[in-house]
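Working notes, beginning with the structure itself.
The values are calculated or read from the model by the stated rules, or taken from the named source; none is laboratory data. The structure presented is a predicted model; accordingly, all values stated were derived computationally and were not measured. Every residue, glycine among them, receives a Cβ derived from its backbone with ideal geometry; neighbour counts consider all protein chains shown.
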Amino acid sequence: MTDVHLRPQHVQRYNQIPIRLHYVVDGAWHRTEAQQWNERGFSFYHAQTLPLAPLEFKRSLQHFEGELVWTRSTRDEAQVLEMLCNEAIQRQADQMQAQPETQQRLWRLMRIQGMLEAKQQVLTALGNTRTEAQWQALVQERMQLGLFHSGVRVDSSAWNAVVADALALGGVVTDLEKWSDALGGP
């Protein structure tokens with residue numbers, strides 16, 4: 001039996017930088033980030049159920065299709081809270097086009113997983129006045145809508161180009177972080 005779902009996965013997956021993508025459902029484009037990606041596909045989080053048909057994705061002008069191979073519902077409140085914080089940081093970053101350095105720092109913070117307290121502090125510094133109770137109410141509201149994590153298989157030269165670009169950029173980011181640490185940087 002050669003079912004692709006039963007074969008062990010021996011291909012390295014990357015996550016040093018998330019790849020920002022858009023996907024289309026019912027004619028509307030939605031933002032997401034590819035996680036745990038490689039040339040065969042990626043996983044991503046989304047808030048609505050998705051059709052079983054192939055999905056159309058894009059990164060900039062590069063369009064490609066992907067096949068959902070698995071989906072699971074996420075009920076982790078901490079994960080939902082971090083996703084809500086990332087969405088709020090994204091909105092703040094979108095408003096800072098006149099301050100590209102600050103905008104880049106916000107995008108970088110969004111990409112780091114597990115820094116919920118730091119993200120909330122940054123949002124507070126940027127004028128977000130939500131209380132802990134308001135954050136929890138937003139979490140409960142989002143939990144009612146659902147949060148899904150899906151895996152996508154891709155066979156596309158456009159996706160391969162996106163992966164090659166991300167690997168090149170990821171290597172540069174990793175090198176810069178190492179050099180910054182070696183020089184006593186922040």
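Summary table below
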{"quantity": "Filtered residue count, the range 105-116, keeping only those that are at pLDDT 85 or above and more than 17 Å from Q136 (Cβ to Cβ)", "calculated": "4"}
{"quantity": "Residue in the range 66-82 that is out of contact with any strand residue (DSSP E or B) (no Cβ under 6 Å at 6 or more places or on another chain), within 21 Å of Y14 (Cα to Cα) and either modelled with pLDDT under 90 or not in a helix (DSSP H, G or I) (or both) present", "calculated": "yes"}
{"quantity": "Checking L52 against (1) among the aliphatic types (A, V, I, L, M); (2) outside the structural domain of E33 (by TED's automatic domain parsing); (3) exposed (fewer than 12 other Cβ atoms within 10 Å of the Cβ); (4) closer than 21 Å to Q35 by Cα, the condition it does not meet", "calculated": "(2)"}
{"quantity": "L81 vs. criteria farther than 26 Å from F57 by Cβ, in contact with an Asp or Glu (Cβ under 8 Å, 6 or more places away or on another chain) and of a type outside the set (D, E)", "calculated": "no"}
{"quantity": "Condition met for A34 (farther than 30 Å from T129 by Cβ, at pLDDT below 85 and either assigned by TED's automatic domain parsing to the domain that holds D165 or loosely packed, with under 14 Cβ neighbours inside 10 Å (or both))", "calculated": "no"}
{"quantity": "Test: residue in the range 113-132 that is touching a residue at least 12 places away in the same chain (Cβ under 8 Å), touching a Gly at 6+ places or on another chain (Cβ under 9 Å) and not polar (S, T, N, Q)", "calculated": "no"}
{"quantity": "Scope the range 34-80; condition charged (D, E, K, R) and closer than 16 Å to Y23 by Cα; matching residues", "calculated": "E56, K58, R59, E65, E67"}
{"quantity": "Tally of residues being touching a Pro at 6+ places or on another chain (Cβ under 8 Å) and over 19 Å from N86 (Cβ atoms) across the range 26-67", "calculated": "3"}
